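Novice: I'd like to ask some things about the structure below.
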Amino acid sequence: MSPDQYCRDKVAGSGSSFYYSFLFLPEEKRRAITALYAFCREVDDVVDECHDESIARTKLEWWRMEIERSFSGEARHPVTRALQQPVRSYNLPQEYFQEVIDGMEMDLDRNRYESFRDLALYCHRAAGVVGLLSAEIFGHRNRATLNYAESLGTALQLTNIVRDVREDAQRGRIYLPLDELLEYRINPHDLLNSLPGEGLAALLQFQAERAGDYYRRAMEYLVEEDRYSQRSGLIMAEIYQTTLSEIATDGYRVMEHRIMLTPLRKFWIAWSTARRERRRHRRQLKHPAHA
């Protein structure tokens, strides 16, 4: 199996919504972004699937060394071998990959966050930096697009936090800030035992509104000249905001069941968003002053 095929299988097999956002990219960029997200899945799986903390730390340290090796042209793993060409082609910084690993290591260092300020650092490392790497692969002309990418990454991570409250609690993790749990009169121990009380829906609505603020902030940063090149991020935003809307419509009952969009619906959102952005791009090319 080639490194590229390994990465495709890793991303497609995870069931991630990101897979659908890559479908409308040129082949070279699709290979590059698939390799990036395969790397993210690999290091995330270390934390989620390894129950022995010392082994998980050893594996993350191996990945740190593997990133260093890959930037020296000595990659061993199929993912880092697939990443070598994108790293050169798009000038991807080594420190960003190390920072993603820092984010995963935070899951080993702590399972609570005192405030949103603490959580924001985790969101930056686990998702914002991935947004920055993705923006470089997609291409941009305006530096403001990097602010868009980081804000969008945080928005996506906050959406995951709302969606995955039950699954995270089952792993002994609480990403909802503790000071906000206190404000909404939710005992963290009750949350871990799936007995959060009546305040959870209101708290999750507050978190969803915070995510919405980050989505809006991201779109304010995104300039017209870079919209089409960043269309995969726009597809992700549409899929995730639709998921957030479904959770709200369901009354934020995330402790009872997981809200998931069907593959067909994700594909429809991806296709319709890509078509919308293509039409917008064509209008912009024809009438740049009116875009």
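Residue by residue, here is whether (1) farther than 27 Å from Ala169 by Cα; (2) not aliphatic (A, V, I, L, M) holds:
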position	(1), (2)
Pro188	no, yes
Leu195	no, no
Gly199	no, yes
Gln205	no, yes
Leu222	yes, no
Met236	no, no
Leu244	no, no
Arg282	yes, yes
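Novice: Among the residues of the stretch 146-172, write down those that are of a type in the set (D, E, K, R) and either more than 15 Å from the chain's Cα centre (by Cα) or buried (at least 24 other Cβ atoms within 10 Å of the Cβ) (or both). It would help to see each step written out before you state the result.
Specialist: At the first step, the residues of the stretch 146-172 found to be of a type in the set (D, E, K, R) are 150, 163-164, 166-168, 171.
Passing the criteria: Arg166, Glu167, Asp168, Arg171.
Novice: Could you look through the stretch 45-92, keep only residues that are within 30 Å of Glu167 (Cβ to Cβ) and of a type in the set (Gly, Ala, Ser), and pick out the one that is surrounded by the most Cβ atoms within 10 Å (Cβ to Cβ)?
Specialist: Step by step, filter the stretch 45-92, then rank; the result is Ala82.
Novice: Look through Arg81, Arg69, Arg88, Arg141 and report the one residue that is more than 30 Å from Arg258 (Cα to Cα), touching a residue at least 60 places away in the same chain (Cβ under 8 Å), of a type in the set (Lys, Arg) and in the same structural domain as Arg31 (by TED's automatic domain parsing). Spell out how you get there, then give the answer.
Specialist: Values: Arg69 fails: touching a residue at least 60 places away in the same chain (Cβ under 8 Å); Arg88 fails: touching a residue at least 60 places away in the same chain (Cβ under 8 Å); Arg141 fails: in the same structural domain as Arg31 (by TED's automatic domain parsing).
The match here is Arg81.
Novice: Is it the case that the stretch 115-134 has a residue that's touching a residue at least 40 places away in the same chain (Cβ under 8 Å) and not in a helix (DSSP H, G or I)?
Specialist: For the stretch 115-134, residues touching a residue at least 40 places away in the same chain (Cβ under 8 Å) and not in a helix (DSSP H, G or I): present.
Novice: Out of the helices (runs of 4 or more DSSP H) lying entirely within the stretch 204-291, which hold 1 or more residues that are without any contact (Cβ under 8 Å) to a residue 40 or more places away in the chain and either surrounded by 14 or more Cβ atoms within 10 Å (Cβ to Cβ) or of a type outside the set (Asp, Glu) (or both)? Give the steps one after another, and end with the answer.
Specialist: Working: elements: 224-227, 231-249, 263-286.
Answer list for the stretch 204-291: 231-249, 263-286.
Novice: Additional query: Would you confirm, using the coordinates I've provided, whether Leu195 is assigned to a helix (DSSP H, G or I), more than 22 Å from Leu146 (Cα to Cα) and without any contact (Cβ under 8 Å) to a residue 40 or more places away in the chain?
Specialist: Judged against the criteria, Leu195 is not a match.
Novice: For the stretch 165-192: of the residues being in contact (Cβ under 8 Å) with a residue 24 or more places away in the chain and assigned to a loop (DSSP other than H, G, I, E, B), which is nearest to Arg117 (Cα to Cα)?
Specialist: Pro177
The values are calculated or read from the model by the stated rules, or taken from the named source; none is laboratory data. The shown structure was predicted, so the numbers you read here are calculated from the model rather than taken from an experiment. Counting neighbours? That spans all protein chains shown, and the Cβs are built from the backbone with ideal geometry, glycine included.
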